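First up is the structure itself, then whatever we jot down about it.
The values are calculated or read from the model by the stated rules, or taken from the named source; none is laboratory data. Here the structure is a predicted model, which means the values were calculated and not measured. Neighbour counts are summed over all protein chains in view; Cβ atoms, including those assigned to glycine, are modelled from backbone coordinates with ideal geometry. Ligands, DNA and RNA are stripped out before the accessible areas are found, and what is left, the full protein with its side chains, is counted by its heavy atoms. Shrake-Rupley method; radii C 1.70, N 1.55, O 1.52, S 1.80 Å.
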Amino acid sequence: MKRFLSGLRKKAGRAGRSARLGDDERFGTGLWRHNRDRFIRAVDRYYTTAVSIHEARTGAPEPETTSAEAPEPGAPESVATEDDPANTIVDGTHRLNALVTLVDAITERLHADHPVSGQVVPGPARRAIGDTPELLTKASSKVAEAVLAASMARTEILAGKPIGSGARATARFIDDAAELLERAQANLDKVEES
C-alpha cells in the first residue's frame with residue numbers, strides 16, 4: 001500500500017515551462033503563494049495520515065520499495081478489501097493530487113494577472129477577482145478537515161471500531177474543497193471573459 005501511495009505524492013507543478021521557473025516567479029511571495037503553500041501542507045498531512053491508516057490496518061509499516069518493484073507472486077496486496085472504508089480515504093490522495101494541480105494553475109494565474117507582494121489584495125484586483133482569496137483559504141480549510149476526519153478514523157482503527165463515518169467525512173470534505181476551487185476558477189474565467 002505504501003508503495004502504491006508513494007507514486008501519488010509528486011512535486012506540485014514541475015512540468016513544462018513551470019520547471020524552468022522557481023516557485024517565487026510562478027506564485028509570488030505574497031498572498032497567492034501563502035494560499036498555495038497552505039493547501040499543499042494540508043495535502044501532505046492527508047497523505048501522511050492515509051499512510052498511517054494503512055500501517056494501522058496491517059499492524060506494521062510496509063517495507064520501503066520503489067514503484068517499479070512488483071510484489072512477490074502470491075503475496076497479499078493489502079488487508080483492505082474493495083468495500084473497505086480505508087480505501088475511500090486512500091482514494092482521497094488521488095483526488096487531492098488533482099486538486100494540487102488546480103491550485104497551482106489558479107495561484108500561478110493570480111500572480112501573473114494580479115501580483116500581490118503582501119497579504120492584502122489591492123482594491124482594483126479585489127474587484128476583478130471577487131472572493132477568490134477566500135475560496136482558496138476555505139479550500140485549504142476543507143482539506144484540513146479531511147485530515148482531521150482521517151485522523152479520527154485512524155484512532156477508530158486502533159480501537160477496533162468501524163471507520164465508515166470518518167471515511168465518508170473525508171470524501172465529503174474533499175468534495176467541498178473541489179467545489180470551492182471550481183468556484184475560484186470560475187471567478188478567474190469571468191475576469192478573462194470581460
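Quick look at the numbers
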{"read-out": "Qualifying positions in region 79-120 - within 20 Å of SER165 (Cα to Cα) and either among the small types (Gly, Ala, Ser) or in contact with a Gly (Cβ under 7 Å, 6 or more places away or on another chain) (or both)", "value": "ALA80, PRO85, ALA86, GLY92"}
{"read-out": "Of all residues in region 29-41 being within 13 Å of HIS111 (Cα to Cα) and under 20 Å from the mean Cα position of the chain (by Cα), the one that is most open to solvent (accessible area, probe 1.4 Å)", "value": "HIS34"}
{"read-out": "Pair list, Cβ under 6 Å, 6 or more apart: region 160-178 residue closer than 8 Å to ALA149 by Cβ and in contact (Cβ under 8 Å) with a residue 24 or more places away in the chain, other residue basic (Lys, Arg) and open to solvent by 10 Å² or more (accessible area, probe 1.4 Å)", "value": "PHE173/LYS142"}
{"read-out": "Matching residues in region 166-180 - criterion: being surrounded by 24 or more Cβ atoms within 10 Å (Cβ to Cβ) and not β-branched (Val, Ile, Thr)", "value": "GLY166, ALA167, ALA177"}
{"read-out": "Every pair of residues 6+ apart whose Cβ atoms lie under 9 Å, when the first sits in region 102-129 and is at positive phi while the second is open to solvent by 30 Å² or more (accessible area, probe 1.4 Å) and among the charged types (D, E, K, R)", "value": "none"}
{"read-out": "Residue, nearest to the chain's Cα centre (by Cα), within region 94-105, restricted to residues that are open to solvent by 10 Å² or more (accessible area, probe 1.4 Å) and of a type in the set (Val, Ile, Thr)", "value": "VAL100"}
{"read-out": "Whichever residue in region 106-165 is of a type outside the set (A, V, I, L, M), more than 22 Å from the chain's Cα centre (by Cα) and under 26 Å from THR58 (Cβ atoms) and, among such residues, is surrounded by the fewest Cβ atoms within 10 Å (Cβ to Cβ)", "value": "GLY160"}
